[in-house]
1. Based on what the data block shows, is Ala482 touching a Ser or Thr at 6+ places or on another chain (Cβ under 6 Å) and either more than 27 Å from Gly583 (Cα to Cα) or among the small types (Gly, Ala, Ser) (or both)?
2. Just to be sure before I move on: is Asp572 part of a loop (DSSP other than H, G, I, E, B), among the acidic types (Asp, Glu) and modelled with pLDDT under 85 in the structure I sent?
3. Of everything in the stretch 78-103, what is of a type in the set (A, V, I, L, M) and modelled with pLDDT of 90 or more? Give them in sequence order.
4. Does any residue in the stretch 46-61 that is in the same structural domain as Thr195 (by TED's automatic domain parsing) come within less than 7 Å, Cβ to Cβ, of a residue that is assigned to a helix (DSSP H, G or I) and of a type outside the set (A, V, I, L, M) six or more places away or on a different chain, and which pairs are these?
5. Assuming Thr75 fulfils every condition listed in (1) at pLDDT 80 or above; (2) out of contact with any helix residue (DSSP H, G or I) (no Cβ under 6 Å at 6 or more places or on another chain); (3) farther than 21 Å from Ala161 by Cβ; (4) crowded, with 19+ Cβ neighbours inside 10 Å apart from one, which condition is it?
6. Pick from the stretch 490-519 the residues that are of a type in the set (A, V, I, L, M, F, W, C) and assigned to a helix (DSSP H, G or I): which of them is farthest from Lys530 (Cα to Cα)?
7. Working only within the stretch 173-228, note down all residues that are over 20 Å from the mean Cα position of the chain (by Cα), within 23 Å of Gly44 (Cα to Cα) and aliphatic (A, V, I, L, M).
8. Of everything in the stretch 46-71, what is among the hydrophobic types (A, V, I, L, M, F, W, C) and either closer than 17 Å to Pro88 by Cα or part of a helix (DSSP H, G or I) (or both)? Give them in sequence order.
Amino acid sequence: MEETQGTEAAANHTYGAGDIKVLEGLEAVRKRPAMYIGSTDGRGLHHLVYEVVDNAVDEALAGYCTRIDVVITKTNAISVTDNGRGIPTDIHPTEGIGTVELVMTKLHAGGKFDNDSYKVSAGLHGVGVSCVNGLSSLLEVTVWRDHREFTQAFSKGIPLAAGEFKSGSSDKQGTRVLFQPDDTIFTETAYNFDTLSARLRELAFLNKGLTITLRDEREDDKFHEFHFPGGITAFIEYMDSHKKPLFDHPIHFEKETQGVPLEIAFRYNEGYAENLFSFVNNVNTVDGGTHVVGFKSALTRAINQKAKDLLGKNKKSDLELTGEDMREGLTAVISVKLREPQFEGQTKHKLGNGEVKGIVEAAAFDLLSTFLEENPAIARKVIDKVYNAAIAREAARKARQMARRKSVLEGGGLPGKLADCSSRIPAECELYLVEGDSAGGSAKQGRDRAFQAILPLKGKILNVEKARIDKIMANEEIATMAQAIGCGLGEDSFNLEKLRYHKIIIMTDADVDGSHIQTLLLTFFCRYMKELIENGVLYLAQPPLYKIKHGKNEQYAFNEAEKDRILAEISDKKGIYMQRYKGLGEMNPDQLATTTMNPENRVLRRISMEDVVLADQIFTMLMGEEVEPRRKFIEENAHLVRELDV
């Protein structure tokens, strides 16, 4: 019957010209916003700001802008003001409408396609600010240019009226874009001050001399100002502020080759993590690209060459060095400026220009080779660190082989204490990393066996901030976790496609020990399985702090504010019973399942890498070798602790 209906429907409907839909103006952007800004969640929301700020930074790159002021208003709108040349306000010679209206309403309209106006630009596709306009319930542009002030307002990409000049003269110059994101488009509409601050700080580092400010009118006028005359050298020092450097000053190179300006700064520290940040025309290429491949190749070649010169027939020279060895403890920033960058996707996360690899590799190799030759003391320190990394890597490889052999001999590929789920479809499956056997037992009884797996953890895992990969591989709890997750461990064996669970949930007690275990686990994932965080796989469970019972009614509060709200709503204060949970083990399986594990009721906090630099600093400060930064942090934040549970 269904087949017959389908055949009749197909026969009665002809596919003709009338079926072709033409989306006018910015309708395409509103119809498929994710195609233009990546997503309509918090990430896409913040991307709107970056598109507008990038236009202002382009004015700085062109030499006309020295200051950018960003404001989050009380209504959660965004204002971006620069002191650049200002958008032209006259009638466009071929389109017959005002230039401001053209720029704000037409895709692929802007000064980025004329190399005379902008030699390099972050917004080369020309869709940025018009997309912002299309996705805003209200957008107002103000231009100060030629001693006049011009304004025009739009709603959802449509002009509310023709632009007009304000009477009188103005000495100001530049552009202000004020926009309110459309809450019918975005699933999140609240801007995060720290997320914006991280990106603006980044831009100030990359454009030495440029001043960028961020003001939050929602929070008593919270304010940050960024101005770094030291540029990306200051960026390295900022990122390494809680680490012990291998040598005093970051190495810095700046050179233009074949019309491509290249700037590199880097330094080694005594830690084991690699932190490499890459940029093209100020855009953070978080997935790297050809410029990163070129730098890594140059670094490997230059250090290998110097190592052979220094070590000669030394027995260490028998070790084969890898790129992974070269980058242990490395903090680096690579910035290139291109006239016509080719990004993979509109969000520009990866550079694809094939010619850039060779340009960067040749220039960086020459500069690095010369530096290592002229600074033998630094060269010796770097090469010693590289060889120690190689020795540890080889030990880790042997440890992995032993672990694999052992698992084969014991007849299983999964750890014995893992209570796995029955589903074998990773997208359906969840893995709970649970603190302690007691809580693990409750979680096993309360879970949904179809898709929820439980792995109890014994005590506190190894602090990976203070250990090399060979020690990490030998740690039983870490090896068990890696085995259960399935992706492997280490740069040479990690494979995201082998991930067995698309949700990995850390579930610990709401006390000091639980917070410590969370920090240890997050440090491990951040350092050695960062891809899980980048792909939105890692979560923190949020168990309730209180059970409040009044008569037959039971409610759970997940924080102090929620507890106060529940208590305030109870009119009859007699007979209130309140229990504070100090550990997961205090909840019976049904309570744990209802409050913390049932997808219909639970609260999960997804771990993100929005501010990778800040996360790196916090992990290093809390878990690293240096005591002084940790002591200072405790002294500055101790007054914020309301209830210390030891």
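The values are calculated or read from the model by the stated rules, or taken from the named source; none is laboratory data. Please read all numbers here as calculations on a predicted model, not as lab measurements. Glycine also receives a Cβ, built like all others from the backbone with ideal geometry; neighbour counts cover every protein chain displayed.
1. No.
2. Details: part of a loop (DSSP other than H, G, I, E, B): yes; among the acidic types (Asp, Glu): yes; modelled with pLDDT under 85: yes.
Yes, satisfied.
3. Applying the first criterion (of a type in the set (A, V, I, L, M)) to the stretch 78-103 yields 78, 80, 87, 91, 97, 100, 102-103.
Hits for the stretch 78-103 are Ile78, Val80, Ile87, Val100.
4. Short answer, once both residue conditions are applied: His46/Thr195; Tyr50/Arg199; Glu51/Gly128; Glu51/Cys131; Asp54/Gly128; Asn55/Gly128.
5. Only one criterion in (1) at pLDDT 80 or above; (2) out of contact with any helix residue (DSSP H, G or I) (no Cβ under 6 Å at 6 or more places or on another chain); (3) farther than 21 Å from Ala161 by Cβ; (4) crowded, with 19+ Cβ neighbours inside 10 Å is unmet by Thr75, namely (4).
6. Of all residues in the stretch 490-519, those of a type in the set (A, V, I, L, M, F, W, C) come to 494, 496, 499, 504-507, 510, 512, 517.
Subsequent filtering for residues that are assigned to a helix (DSSP H, G or I) retains 496, 512, 517.
Numbers: Leu496: 10, Val512: 25, Ile517: 18 Å.
Only one residue tops the list, namely Val512.
7. Within the stretch 173-228, Val177, Leu178, Ile185, Ile212 meet the criteria.
8. Kept after step one, since they are among the hydrophobic types (A, V, I, L, M, F, W, C), are these residues of the stretch 46-71: 48-49, 52-53, 56-57, 60-62, 65, 68, 70-71.
Across the stretch 46-71, the qualifying residues are Leu48, Val49, Val52, Val53, Ala56, Val57, Ala60, Leu61, Ala62, Cys65.
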